[in-house]
Amino acid sequence: MIQGIGASSGIAIGKAFVLPNWEWDLPEQKIDVGDLAREFERLYEGIRTSKVEIEQMKDELREVVGTEESYIFDAHLAILDDPVFMNEIQGIIQRQYKAAEVAVKEVIDHFVTMFDLLDDEYMKERAIDIKDVGNRLLKHLLGAPEITLPSDTQPFILVAKELSPSQLVHLNTNHVLGIATLVGSTTSHSSIMARALGIPLVVGIETKMMEDVIQTGDSIIIDGDKGVVHLDPEDHLIREYTELQHLNNEATVRLKGIVSVRPVTKDGKEMELGANISSLKELDVALASGTNGVGLFRTEFLYMDRNRLPLEDEQYEVYRTVAEKLEGRPLIIRTLDIGGDKNLDYFELPEEENPFLGYRAIRICLDKTDLFKTQLKAILRASSHGKVKIMYPLISSVEEVVAANKLLEESKQELQAEGLSYDADIEVGIMIELPAAVMIADMLAEEVDFFSIGTNDLVQFTLAVDRMNEQISHLYEPYHPAVLRMLKLTIEAAKRAGIHIGVCGELAGDIDALPIWLALDVDELSMSAHAILPIKERLIRLNQQDSRSLFEQLLQCRTSEQIHKELSVFQSKLDILDKASSLH
């Protein structure tokens, strides 16, 4: 077994095809002064041809996974237009009299090394984009053929050192059962695309030279849920995974049967089950799962993978499309949440010792008011096309809410002056992610129409644990007694104020946590589209009153281990009751 990271769920069983590295070792190649013009023309022709190919791939991807994921290739086009990148190449040709391909290779290596040394996962992932674009340009300068996949129709599992978006876009999902890569992360462009395409993916395989371990034609199993690769699996393991595939398929069919069922407990508690989305493709999956609406629309994707801020009209068109597709269901749009681990290539953020506690989210928006109002006006305009709501992230004080709402009022007045329509009574809410917000939740509730608990950051900040830090990630415990008390305080404050209370962090889609949300009488859970039906299936089997009794027991627990044990016992009892009722 080879351990990696599960980046796209699912199981694949089949033969490996190892993708050769798309790289070249180029000898030092000097040119004469009289050849400079010819080298520059070769470079410019290579750039033109590369741009045409990238535009074609963007169009192909748009047809398969939707418009938003196709924006990935805007970042590739931006690299070819980047003056710093191009000036470096031109400078080497002109000053050192090196051939165009040698200059391109040197600049690629320089930038990739520079980004790899940065202590920033997002920037490290951008190194793959630069390498992808540079290698495409090199291919044209060298006249090299594309690396091709097997031409027969036999499905295979793709194995590679790394997989670039431009390679992934050409994959035939009928032929590629799964993918394993030596490097990569769950937030890389290729991982995002693999999830959108529904291809199981394991990244970051722990082995020095994967091509020496896995050979083309080897029998392997990819487990995208556990993040493991089984090489030359024994017959019993193949049988186990084949049975697991069969059970997964059966579960998928069973869950489709409850798409139109109302999410109501046995004793009548109805809970809205919404979706967290970043793109129209995810919205389509959510709608197919019977979502009650969108509880969190992450707008960061509109700002990423491009070379400038999106215009008001560009944002409006996307928000309007989502609102119209929801056909009256609620759409909660979170305002821009960058900083921390989410950066923009063209928006320079200050160097910070601890960016998670620094200049990010609402703090940036209240500082860069033009940027903020552009987004607010786009959201307001979309509100005339559906039940749109606005949500501010990372709120820590009443002053921040007041300041944000003041800018919202200014945006309304500007739209009115322009003669553009919007919902004058649009609802405004905040994310509860910080302990400070929990402790003044009663005050904040007087300023807004709804709360949505962002459990990821709330757990992180409550426990002072960076869940991405491998040395302490085991301390990131959503079922910590302190976290349960934070949740109870927040929800009770919302209930007393009579405002809507939802949850949009990962814990919203955790089946084990469902009795907690029922006990606290949460109005809405918003989660990954793929989690909606499993949560609904569990919800309609539960009683709210039983959940309340359980929660009283959980509040008496002194350790996370005890809480997990109580939840496990509760689930076991539920399974026994279900089996008994099925016999009758």
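What follows draws every value from the coordinates through simple rules; no lab data is involved. If you're wondering where the values come from, they're calculated on a predicted model, not measured in any experiment. Methodologically, a virtual Cβ is constructed for each residue, glycine included, from the backbone with ideal geometry; neighbour enumeration extends over all protein chains shown.
Odds and ends about this structure:
- Per the Cα gyration tensor, the chain maps to an equivalent ellipsoid with semi-axes of 43, 32, 21 Å, ordered largest to smallest.
- Value at 222 nm in deg cm²/dmol, rounded to 500, when DSSP H runs of n ≥ 4 in the chain each add -39,500 (n - 2.57): -15500 deg cm²/dmol
- In order along region 316-322, phi translates into HN-Hα couplings of 4, 4, 5, 4, 4, 4, 5 Hz, rounded to whole numbers, per the Karplus curve 6.51 cos²θ - 1.76 cosθ + 1.60 with θ = phi - 60° and x for Gly and Pro.
- Close amide H pairs (under 5 Å, H built 1.01 Å from N) link VAL294 with ALA275, LEU331, ILE332, residues at least 5 positions away or on another chain.
- Residues MET443, MET304, sorted so that the one with the fewest Cβ neighbours within 10 Å comes first: MET443, MET304
- Angle between the chain longest axis and helix 481-497 axis [Cα atoms, degrees, rounded to 10]: 70 degrees
- Nearest-ten-degree value, helix 369-382 long axis tilted from longest Cα axis of the chain: 70 degrees
- Percent antiparallel among DSSP beta bridges (both partners in the chain, rounded to 5): 30 percent
- Cα-based helix-to-principal-axis angle, 560-583 vs the chain, degrees rounded to 10: 80 degrees
- Nitroxide proxy distance, nm - points 7 Å out along Cα→Cβ at GLU327 and SER384: 2.4 nm
- With R₀ fixed at 56 Å, the C-beta to C-beta distance from ILE440 to ASP218 puts the FRET efficiency at about 0.45.
- Computed label-point distance, nm, for sites GLN96 and ALA464 using a 7 Å Cα→Cβ extension: 4.9 nm
- Length released on extending from LEU555 to LYS368, taking residue separation times 0.36 nm less the Cα-Cα span: 63.1 nm
- Amide H within-cut-off set for THR216, under 5 Å, with H built and near neighbours excluded: VAL18
- Table column - 3J(HN,Hα) (Hz), region 535-552, Karplus curve with 6.51, -1.76, 1.60, x for Gly and Pro: 5, 4, 4, 6, 4, 6, 9, 9, 10, 5, 5, 4, 5, 5, 5, 4, 5, 4
- Percentage, to the nearest whole number, of Cα pairs in region 257-583 over 32 Å apart: 29 percent
- Cα centroid separation, region 382-407 to region 296-319 (Å): 17 Å
- Compared with the alpha-carbon gap, the fully stretched path from ARG239 to SER397 is longer by 51.3 nm at 0.36 nm per residue.
- Rough spin-label spacing in nm, given labels placed 7 Å along Cα→Cβ, for GLU300 and SER568: 3.4 nm
- Couplings for region 426-442, taken from phi via the Karplus curve 6.51 cos²θ - 1.76 cosθ + 1.60 with θ = phi - 60°, read 3, 7, 10, x, 9, 8, 9, 10, 10, x, 4, 5, 4, 6, 10, 4, 5 Hz in order; Gly and Pro are left as x.
- Sequence-distant residues sharing a close amide H with ASP423 (under 5 Å, placed H): SER383, SER384
- Stretching the chain fully between LEU231 and MET1 yields a gain of 82.2 nm (0.36 nm per residue, less the alpha carbon separation).
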